[in-house]
């Protein structure tokens, strides 16, 4: 969790922490940015900016975070169509956690477009 220590006079110290959700978003954002080659300092600064923006724009609202299944399924369908070589139905089904029948349906739908 992100914590900062603020000096309060001579001996008083107060630790300031982000809300658990925002801290988790910052941590996950930082890890993703590091995978894209940012160093720790750059990733931390960018992650903090993302969280600050999120808090500024969505703070105080009750929201439900969608699982975004429509987008994820569309990406999976696209990956299946692009990886299809004419005979790898079973391999694609295993790779994407689908039945072979589901892969056939995805390819048939893509062919119809």
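The values are calculated or read from the model by the stated rules, or taken from the named source; none is laboratory data. Being a predicted model, the structure only gives us computed values, none of them experimental. FYI the Cβ positions are ideal-geometry reconstructions off the backbone, even for glycines, and counts take in every protein chain you see.
Which residue, of 110, 74, is within 30 Å of residue 21 (Cβ to Cβ) and part of a helix (DSSP H, G or I)?
Values: 110 fails: within 30 Å of residue 21 (Cβ to Cβ).
After ruling out the rest, the residue left standing is 74.
For the range 79-92, does any single residue satisfy the condition of being part of a helix (DSSP H, G or I) and either loosely packed, with under 10 Cβ neighbours inside 10 Å or in the same structural domain as residue 24 (by TED's automatic domain parsing) (or both)?
yes
Residue under question is residue 74, and the condition is that it be out of contact with any strand residue (DSSP E or B) (no Cβ under 6 Å at 6 or more places or on another chain), farther than 30 Å from residue 106 by Cα and surrounded by 10 or more Cβ atoms within 10 Å (Cβ to Cβ); does it hold? Full working, then the answer.
Values: out of contact with any strand residue (DSSP E or B) (no Cβ under 6 Å at 6 or more places or on another chain): yes; farther than 30 Å from residue 106 by Cα: no; surrounded by 10 or more Cβ atoms within 10 Å (Cβ to Cβ): yes.
Spelling it out, it is not the case that residue 74 is out of contact with any strand residue (DSSP E or B) (no Cβ under 6 Å at 6 or more places or on another chain), farther than 30 Å from residue 106 by Cα and surrounded by 10 or more Cβ atoms within 10 Å (Cβ to Cβ).
Please count how many residues of the range 53-71 are more than 14 Å from the chain's Cα centre (by Cα) and either farther than 12 Å from residue 21 by Cα or assigned to a loop (DSSP other than H, G, I, E, B) (or both).
Final tally of qualifying residues: 11.
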